[in-house]
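The values are calculated or read from the model by the stated rules, or taken from the named source; none is laboratory data. Because the structure is predicted, anything quoted here is derived from the model rather than measured. Cβ atoms come from the backbone with ideal geometry, glycine included; neighbour counts cover every protein chain shown.
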Amino acid sequence: MTTAERRPPTASYRLQLQPGFGFAEAADAVPYLAGLGVSHLHLSPVLQAVPGSRHGYDVVDHGRISADHGGESGLRALADRARTHGLGLIADIVPNHMAAPTPLHLNRALWRTLREGPDSPFAAWFDVDWDAQAGRVLLPVLGDRLGAVLADGGFSLATGGGPDGDEHVLRCGPHAFPLRPGTERLPLPELLRRQWYRPAWWRLARTELNYRRFFTVNELIAVRVELPEVFDATHALLLRLHREGVLDGFRVDHPDGLADPRGYLRRLRDASGGAHVVVEKILTGDERLPADWPCAGTTGYDALRHIDGVLTDGAGVSRALRPPAGAAAGAALRGKAELVRPQGELDAEVERLVREVLAACADDPDRSDHPAWAVREAVAGLLAAFPRYRPYPVPGERLPASDAEALRARPDEALVPGVFSGTAALVEKLLLDPDSPASLRARFSQTAAAVAAKGVEDTAYYRHHPLLSLNEVGGDPARPGVSPEDFHAFCARLARDWPGSMTALSTHDTKRSADARARLAVLAELPEEWLVERAAWSALAPGGGLPQDRAAEDLLWQTAFAAWPIDGERLAEVALKSVREAKLHTTWTDPDPGYERAVHALAHSIPTTDALAARIGAFADRLAPYARANTLAATLLHLTMPGAPDLYQGSEFPLYTLVDPDNRAVVFFPAEPENVASPAEPENVASPAEPGNATSPAEPGNATSPAEPENATSASATPAPGSLAAEKAALTRTALRHHARLGPKADYAPWLTPSPHALAFLRGDEELLTVVTRLPFGLEQAGGWRDTVLPLPEGRWTETLTGRSGLTGLTGSVPLAALLADLPVALLVRE
């Protein structure tokens with residue numbers, strides 16, 4: 001099957017492959033998913049990862065399909081069954097990094113690099129600064145200082161190790177390291193000094209690590225995919241499966257980690273013959289996807305922000321929930337600055353950039369006499385101040401104008417004070433100069449992405465949270481809400497420039513699922529009442545809540561409300577993760593046991609304190625009609641706006657999940673497509689079976705998340721007629737069916753509504769009209785729709801979601817009270 005013969009996705013369905021849900025289980029779900037109306041299955045990474053991985057982003061072998069999931073034969077069987085039901089497959093590519101696993105020999109390329117050093121044929125795969133550790137790779141895996149481990153007899157020599165089981169190896173606890181040839185008989189201290197690696201105390205990683213990693217995850221080592229030979233070796237299998245028709249397209253994970261994303265995408269386009277490709281590019285604020293990237297678009301966080309935003313009362317957030325002006329931006333800047341300060345989590349990355357700057361200036365008298373400390377301050381300041389994820393330098397080319405403007409948008413004095421203020425200007429000039437070393441410009445950009453992701457999403461968003469639904473990947477809490485005009489403008493650009501872009505509402509990386517955020521959005525419409533309610537909950541809580549940290553307590557109340565009803569242990573696990581990410585009173589690496597006990601105790605007590613649980617339940621019940629309106633509105637917008645909607649597993653039914661690993665439980669699907677049993681009812685969403693290792697990073701979508709839970713499951717239940725589950729499932733099927741008929745290049749046009757509480761648009765050649773309710777609490781306070789009439793485009797129109805006889809053959813106009821009497825949304829089709 002050629003690329004030209006493949007049809008682009010009209011809609012995809014994301015499946016999280018993991019132990020308990022592999023290719024065979026995905027194949028069993030195919031009839032149901034085909035009946036749902038998607039065109040493609042969207043698979044999490046399929047290459048061989050660390051055995052037992054619950055996410056697949058820790059690849060160890062690019063030449064094998066995951067044996068845990070069923071191997072290549074299992075993937076082919078899934079593709080065959082999908083094809084018989086008219087479905088294609090999209091696979092997740094992980095080009096930025098591989099696992100540095102335990103045991104190390106699972107990654108044969110890394111093993112050989114550590115055994116043979118910089119002359120290994122695999123050494124070029126990995127982004128290592130060999131000079132920084134005197135020609136060795138720092139491995140921060142020891143539980144104590146090297147001397148203490150040696151004194152305790154922690155190291156030993158053994159035979160029968162390595163990828164093929166026939167090598168002499170150095171063992172230490174669970175770790176086995178390769179031995180440099182010819183060093184096997186040396187005394188242990190000398191043997192350690194002679195290796196191409198340096199086993200070290202794990203706490204040295206943040207200051208001395210000399211390999212690029214994914215964010216702050218030491219167990220994920222960066223791959224230099226910008227080198228043609230590395231690209232070819234790491235993509236050969238997936239490209240072969242694409243040529244053979246097994247895979248139809250790709251999702252590219254974390255392109256912001258690549259040295260040259262545009263160059264990578266061009267190479268992928270050429271090697272695949274133009275495969276359908278979307279990129280996990282996080283766009284900040286008004287940032288646009290670079291027009292010269294050869295791809296279909298993003299994975300949809302930009303769409304998520306606009307859908308959530310247009311259904312959120314930004315004025316309500318600003319009026320009562322938001323701290324003083326600039327609080328969100330200040331929290332983001334502080335979060336980033338902490339990462340790049342001396343001894344910060346990204347100190348090693350900053351020091352590497354300092355070495356590159358000094359090397360670039362070494363032979364130039366005009367750039368000399370800038371001390372290392374001033375260069376460090378300048379580099380750290382520029383990283384913290386950069387307002388987006390990263391710039392996009394291309395070797396030999398000037399920075400795009402928007403990137404150059406963003407880089408200059410800071411005062412020198414704010415970075416390096418006094419007489420060395422010119423150092424910041426020097427570093428800026430190096431980054432802007434197309435003749436500067438390509439490695440310096442690329443590495444600054446790669447580090448900027450890590451600083452943005454970890455400093456904002458994984459720090460500031462856990463500190464500053466007047467409304468948690470705003471704190472999503474790619475979100476902009478500083479500007480709560482999106483106007484209808486801005487929403488329409490975004491959709492028009494999507495239809496014009498990126499009609500095949502993926503759109504999303506929930507993903508494996510969203511901190512709260514779409515329906516949880518829909519509940520939270522109601523709070524923006526009644527902010528004063530929410531503040532009173534929150535105070536009442538605190539008064540009812542054991543010990544009066546969390547008096548030593550009211551900000552964390554507020555996050556806990558919002559989290560409980562978003563996922564209510566929720567098990568205490570499940571809530572406690574999310575709460576502990578949140579306060580560790582905030583890094584104010586406890587951290588992953590230096591936990592405060594007393595503080596954490598207080599957080600855990602409060603979270604655990606919430607569902608079991610009768611008066612408190614009853615009040616939370618009553619509040620959730622009172623707001624349920626408005627949350628229902630938001631849920632159905634977001635769903636219909638997602639499924640009918642421009643782009644190819646991507647449904648996260650189980651999200652065709654109400655799904656109230658929280659940050660990973662909570663949102664990645666195995667989903668069971670009904671055997672028959674006509675059975676609308678819910679894979680994940682909100683009352684039955686499973687909690688993780690165990691809290692995991694608090695200091696062991698999991699999937700790179702969240703760099704310091706705890707290990708994935710044991711094989712959690714979600715119960716199936718047939719939704720009651722008229723329930724939100726039944727409504728959302730029926731809406732999803734109907735909307736997907738009509739969206740598929742539009743085609744990827746269908747027109748988009750706003751449709752003027754007579755009320756600020758209604759949002760509408762036309763798709764295709766004026767053949768589909770979407771109408772949704774927005775700000776439903778405010779609508780009720782205003783007295784409802786009353787006699788408001790919606791003008792209709794010319795022709796005869798039929799409402800398709802309710803099947804009501806009174807909503808067929810509509811012409812001229814229709815009262816909104818009649819159109820939206822049964823559902824708060826409508827989808828009209830021209831007859």
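Within region 386-395, one or more residues are within 30 Å of Leu556 (Cα to Cα), among the charged types (D, E, K, R) and either modelled with pLDDT under 95 or surrounded by fewer than 18 Cβ atoms within 10 Å (Cβ to Cβ) (or both). Just one of the listed residues (Ala331, Ala327, Ala320) is hydrophobic (A, V, I, L, M, F, W, C), in contact (Cβ under 8 Å) with a residue 60 or more places away in the chain and out of contact with any helix residue (DSSP H, G or I) (no Cβ under 6 Å at 6 or more places or on another chain), namely Ala327.
Count of region 485-510 residues, restricted to those that are small (Gly, Ala, Ser), part of a helix (DSSP H, G or I) and over 16 Å from Ala296 (Cβ atoms), is 2.
Scanning region 16-28 for residues that are hydrophobic (A, V, I, L, M, F, W, C) and surrounded by fewer than 24 Cβ atoms within 10 Å (Cβ to Cβ) yields Ala24, Ala27. Among the residues here, Ser120 qualifies as among the hydroxyl-bearing types (Ser, Thr, Tyr), out of contact with any strand residue (DSSP E or B) (no Cβ under 8 Å at 6 or more places or on another chain) and more than 30 Å from Thr10 (Cβ to Cβ). Checked against the criterion of being free of Cβ contacts under 8 Å to residues at least 12 places away in the same chain, of a type in the set (D, E, K, R) and over 27 Å from Arg198 (Cβ atoms), the candidates Asp80, Asp28, Asp68 yield just one match: Asp80.
On inspection, Asp80 fails the criterion of being among the acidic types (Asp, Glu), under 30 Å from Arg14 (Cβ atoms) and in contact with a Lys or Arg (Cβ under 7 Å, 6 or more places away or on another chain).
Restricting region 75-92 to residues that are assigned to a strand (DSSP E or B) and in contact with a Ser or Thr (Cβ under 9 Å, 6 or more places away or on another chain), the residue that is nearest to Leu36 (Cα to Cα) is Gly88.
Of the helices (runs of 4 or more DSSP H) lying entirely inside region 146-232, not one contains at least 2 residues that are in contact with a His (Cβ under 9 Å, 6 or more places away or on another chain), crowded, with 16+ Cβ neighbours inside 10 Å and hydroxyl-bearing (Ser, Thr, Tyr). One residue stands out among those in region 784-800 that are of a type in the set (D, E, K, R) and at negative phi: the one that is surrounded by the fewest Cβ atoms within 10 Å (Cβ to Cβ), which is Asp787. Considering only residues that are surrounded by fewer than 14 Cβ atoms within 10 Å (Cβ to Cβ) and farther than 20 Å from Glu485 by Cα, which ones fall in region 744-763? Within region 744-763, Lys745 is the sole residue that qualifies.
Among the residues making up region 507-566, those that are of a type in the set (Val, Ile, Thr) and farther than 18 Å from His585 by Cβ are Thr507, Thr510, Val522, Val532, Ile566.
The single condition among (1) hydrophobic (A, V, I, L, M, F, W, C); (2) modelled with pLDDT of 95 or more; (3) more than 27 Å from Leu227 (Cα to Cα) that Leu321 does not meet is (2).
The set of residues from region 808-831 being among the small types (Gly, Ala, Ser), farther than 22 Å from Ala624 by Cβ and surrounded by 14 or more Cβ atoms within 10 Å (Cβ to Cβ) comprises just one member, Ala818. Being modelled with pLDDT of 95 or more, in contact with a Leu (Cβ under 8 Å, 6 or more places away or on another chain) and within 30 Å of Val456 (Cα to Cα) is a property that does not hold for Glu219. Inspection of region 526-549 finds no residue satisfying the criterion of being assigned to a loop (DSSP other than H, G, I, E, B), outside the structural domain of Gly249 (by TED's automatic domain parsing) and among the hydroxyl-bearing types (Ser, Thr, Tyr). Screening region 253-342 for helices (runs of 4 or more DSSP H) wholly inside it with 3 or more residues that are surrounded by fewer than 17 Cβ atoms within 10 Å (Cβ to Cβ) returns the ranges 261-272, 327-340.
Does region 764-773 contain at least one residue that is charged (D, E, K, R), on the phi > 0 side of the Ramachandran plot, assigned to a loop (DSSP other than H, G, I, E, B) and surrounded by 13 or more Cβ atoms within 10 Å (Cβ to Cβ)? Looking through region 764-773, at least one residue is charged (D, E, K, R), on the phi > 0 side of the Ramachandran plot, assigned to a loop (DSSP other than H, G, I, E, B) and surrounded by 13 or more Cβ atoms within 10 Å (Cβ to Cβ).
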